[in-house]
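> This structure is in structure tokens; I'll ask about it shortly.
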Amino acid sequence: MVKVLIPLFFLFFNSLTYAQRKHVQFDTPYGTFKVLLYDFTPKHRDLFVESIQDEVYKDALFNRVIKDFVVQGGEHDIAIEKREKENPTGGKPRLAPEFDSRAFHKLGALGAGRDDNPEKASFLNQIYFVVGKAVTEKDLDDLTQKKHIQFTAEQRASYLRDGGLPRLDQDYTVFGEVYEGFDVLLNISKVATDKANYPIQAIPFHVNVFDHAQ
């Protein structure tokens, strides 16, 4: 199924997304892929751009990899929890969620990780990419009943055509998507991991920001 998903994914990449101003490039040992950041999730876009420019992701790794689910990078949940416990007076800084019907957990979506805080606010320097799996009409109908998510026609078409992770919608903020080099992420999602989903061999990445004109 994957061999069919990838070309369809790029074939249906619409013109609206090309209009987004900020794009980023990820360089990894497995190759390069490019991502656009949504202008309609401006706080997450700006935080990510600023973090890159401030070298927050300078020595970053893809440190949680789950086949058919996500490739996660940046600060790990365990490290965040440990840091916040060691410095309780520092609080738990988070970014308020930005939910938009155009930003959903399609194949290749870029999202912000978080803990189980009731506000659904995002960690400041943890990201993930959706690798996902096939989605059926029943899956979407069940989620509508269980979580009261009203999927748009565009969302349904995308999920049924390409797959994704619709069960994460309205719980985690999506603020961008891969538009070139998705096969690189797909290969990363298949690496060997330990029981805690850490890759056996470290997967560093380097990320740069550029404007759409480039």
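The values are calculated or read from the model by the stated rules, or taken from the named source; none is laboratory data. Every value quoted in this text rests on a predicted model; they were computed, and no experiment measured them. Counting neighbours? That spans all protein chains shown, and the Cβs are built from the backbone with ideal geometry, glycine included. The area values use the complete protein model at the heavy-atom level, side chains included, leaving out ligands, DNA and RNA. Shrake-Rupley method; radii C 1.70, N 1.55, O 1.52, S 1.80 Å.
> With respect to VAL49, is the statement that it is open to solvent by 60 Å² or more (accessible area, probe 1.4 Å), modelled with pLDDT of 95 or more and over 13 Å from the mean Cα position of the chain (by Cα) true?
On the way: open to solvent by 60 Å² or more (accessible area, probe 1.4 Å): no; modelled with pLDDT of 95 or more: yes; over 13 Å from the mean Cα position of the chain (by Cα): yes.
Taking the combined requirement at face value, the residue does not satisfy it.
> What pairs can you find where one residue is in the range 188-200 and open to solvent by less than 30 Å² (accessible area, probe 1.4 Å), the other is of a type in the set (Ser, Thr, Tyr) and not in a loop (DSSP other than H, G, I, E, B), and their Cβ atoms are less than 9 Å apart, with a gap of 6+ or different chains?
Here the result reads ILE188/THR28; PRO199/THR193, each pair linking the range 188-200 to a residue that is of a type in the set (Ser, Thr, Tyr) and not in a loop (DSSP other than H, G, I, E, B).
> Continuing with the same structure: So the check is Cβ under 9 Å with 6+ separation or different chains; which pairs have a first residue in the range 139-154 that's touching a residue at least 24 places away in the same chain (Cβ under 8 Å) and among the acidic types (Asp, Glu) and a second one that's assigned to a helix (DSSP H, G or I) and surrounded by 14 or more Cβ atoms within 10 Å (Cβ to Cβ)?
ASP139/TYR159; ASP139/PRO166; ASP139/ARG167
> Applying the selection to the range 97-116, what residues are exposed (fewer than 12 other Cβ atoms within 10 Å of the Cβ) and touching a residue at least 12 places away in the same chain (Cβ under 8 Å)? Spell out how you get there, then give the answer.
As a first pass, look at the range 97-116 and keep what is exposed (fewer than 12 other Cβ atoms within 10 Å of the Cβ): 116.
Across the range 97-116, there are no qualifying residues.
> Tell me, which residue of the range 157-186 that is in a loop (DSSP other than H, G, I, E, B), on the phi < 0 side of the Ramachandran plot and not aliphatic (A, V, I, L, M) is most open to solvent (accessible area, probe 1.4 Å)?
Of the residues in the range 157-186, the ones in a loop (DSSP other than H, G, I, E, B) are 163, 165, 169-173, 181.
Imposing the further condition that a residue be on the phi < 0 side of the Ramachandran plot reduces the set to 165, 169, 171-173.
Checking the rest, the ones that are also not aliphatic (A, V, I, L, M) come to 169, 171-173.
On the way: ASP169: 8, ASP171: 34, TYR172: 67, THR173: 1 Å².
Checked the range 157-186; the qualifying residue most open to solvent (accessible area, probe 1.4 Å) is TYR172.
> So, in the range 52-65, how many residues would count as being assigned to a helix (DSSP H, G or I) and open to solvent by less than 40 Å² (accessible area, probe 1.4 Å)? Don't jump to the end; show me each part of the working.
Residues of the range 52-65 assigned to a helix (DSSP H, G or I): 52-53.
Adding the requirement that they be open to solvent by less than 40 Å² (accessible area, probe 1.4 Å) leaves 52.
Qualifying residue count for the region: 1.
> Then there is this: Against the definition (in a loop (DSSP other than H, G, I, E, B), under 20 Å from the mean Cα position of the chain (by Cα), charged (D, E, K, R) and farther than 20 Å from LEU37 by Cα), how does GLU98 come out, yes or no?
Values: in a loop (DSSP other than H, G, I, E, B): yes; under 20 Å from the mean Cα position of the chain (by Cα): yes; charged (D, E, K, R): yes; farther than 20 Å from LEU37 by Cα: no.
When the stated conditions are applied, GLU98 does not pass them.
> Additional query: Being farther than 16 Å from VAL174 by Cβ and either small (Gly, Ala, Ser) or in contact (Cβ under 8 Å) with a residue 40 or more places away in the chain (or both) is the requirement here; does ARG94 meet it? Steps first, answer last, please.
Values: farther than 16 Å from VAL174 by Cβ: yes; either small (Gly, Ala, Ser) or in contact (Cβ under 8 Å) with a residue 40 or more places away in the chain (or both): no.
No, not satisfied.
> Filter the range 118-153 down to residues that are of a type in the set (Lys, Arg) and in a helix (DSSP H, G or I) and give me whichever is most open to solvent (accessible area, probe 1.4 Å).
Taking the range 118-153 and keeping what is of a type in the set (Lys, Arg), we get 120, 133, 138, 146-147.
Then drop every residue that is not in a helix (DSSP H, G or I), which leaves 138, 146-147.
Working: LYS138: 132, LYS146: 166, LYS147: 62 Å².
Residue satisfying both the conditions and the ranking: LYS146.
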